[in-house]
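Remarks on the structure that follows.
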Amino acid sequence: MNILLKKTKIFIGSSKILFPSILISILAILYLAFFKSATYKSEAIISIESNTSLGSAQIANSIGVGGLLSGNKGGSIEIYELGKYLKSDEFYNIFESQIDTEIISNKKIDFISRYRPEMGQSFKKYMPTIFSFIIDDASNTVTISTTGFDPRSSFMNNLIIIGLASSFFDRKKQSSANIARTQRLCDLLISQLGLIESTSLEISNVDIKDILANDLDSANRLLENKARLYSDNCLKNADEENVNIGTANNIAKSTFREVNSESQKQIIANIYNDSIDALTISDVVKIISEPQFPKTSEDKNIILNSTLAFLFSFFLFFSIQVLVRLREQFDT
């Protein structure tokens, strides 16, 4: 009799866990089969060309993608920077402005899958639903996957992301070239004046308040203006009366003129190259695999997902039951 009573208690206790878990898995099956909206996936692979590299561990830790990064060789600095950019607020904001958000927030899409800004959902939190990327630092490639609720939107979103990745390197190249060109103008002046002792030419520090007074709209513009103000101060303070040629170590003036002549040629060549870079786009991004126009919708994996729902709910209810029993024992 006692054995039968114990088995009855065990059955009742397990049924409190089993029946709700089965119910949840049935609800998951019904949702996936009849309510979940069909999705379409487009995938592309791009290569990031570079001569500079970092260790894969550095890239994984810095980007914060962990499992999204494969390979064991050193990846390029550019691919590390792109990974950071693709997780930045700037990228999310630009991408949101480039797509039709009404498509992903359409009421015809099921409630769980659609974008819900009216309920306070941010686009940044919704992004993993329609976009993901995997970095392979061994080959310096990025796999870009986009999901849409129709074939065209998934395909177009992939093209937009590739375009934004390319534009990121364009802006980086042009901004760096503008700053370098501005700084080299001061270098050229110093070279034309001759060898300058460390105390001969004093260039005052640029006040950040002077830069911000220009109503800047980006950090890149701030750095460009800072370089420009620095160059202006250099031109203002560079007076030939403050320049001593050939005084250090009593070296002949003709030697300095020869060195300065070669230095000026190099600086002018660099200024020319920087001017070209400031007017041209980057060629860092190469297409390895074109994004495809999806012909069929993604598999909903009803059996797998419903099984996972059952297991998750079962262990959740089981853990709750264990905690309740432990609390009852402590209370008694």
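The values are calculated or read from the model by the stated rules, or taken from the named source; none is laboratory data. Note that the structure is predicted; figures quoted are calculated from it, not measured. Positions of Cβ are backbone-derived with ideal geometry, glycine not excepted, and every protein chain shown enters the neighbour counts.
Numbers at a glance
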read-out	value
Sole exception among (1) part of a helix (DSSP H, G or I); (2) surrounded by fewer than 18 Cβ atoms within 10 Å (Cβ to Cβ); (3) of a type in the set (Ser, Thr, Tyr) for Ser139, by number	(1)
Flag if Ile79 is at pLDDT 90 or above and touching an Asp or Glu at 6+ places or on another chain (Cβ under 7 Å)	yes
Residue check for Ile26: at pLDDT 85 or above and over 21 Å from Ser139 (Cβ atoms)	yes
Some residue of the range 119-126 being touching a Gly at 6+ places or on another chain (Cβ under 7 Å) and small (Gly, Ala, Ser)	no
Residue check for Thr182: touching a residue at least 24 places away in the same chain (Cβ under 8 Å) and assigned by TED's automatic domain parsing to the domain that holds Met127	no
Residue in the range 283-304 that is at pLDDT 85 or above, part of a helix (DSSP H, G or I) and on the phi < 0 side of the Ramachandran plot present	yes
Close pairs from the range 151-169: first under 17 Å from Thr101 (Cα atoms), partner in a helix (DSSP H, G or I), Cβ under 6 Å, at least 6 apart	Ser153/Ile103; Ile160/Gln98
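Here's the yes/no breakdown for (1) assigned to a loop (DSSP other than H, G, I, E, B); (2) crowded, with 20+ Cβ neighbours inside 10 Å; (3) of a type in the set (Lys, Arg); (4) under 14 Å from the mean Cα position of the chain (by Cα):
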residue: Asn93; (1), (2), (3), (4): no, no, no, yes
residue: Ser97; (1), (2), (3), (4): no, no, no, no
residue: Ile103; (1), (2), (3), (4): no, no, no, no
residue: Ile109; (1), (2), (3), (4): yes, no, no, no
residue: Lys125; (1), (2), (3), (4): no, no, yes, no
residue: Thr129; (1), (2), (3), (4): no, no, no, no
residue: Arg152; (1), (2), (3), (4): no, no, yes, no
residue: Leu159; (1), (2), (3), (4): no, no, no, no
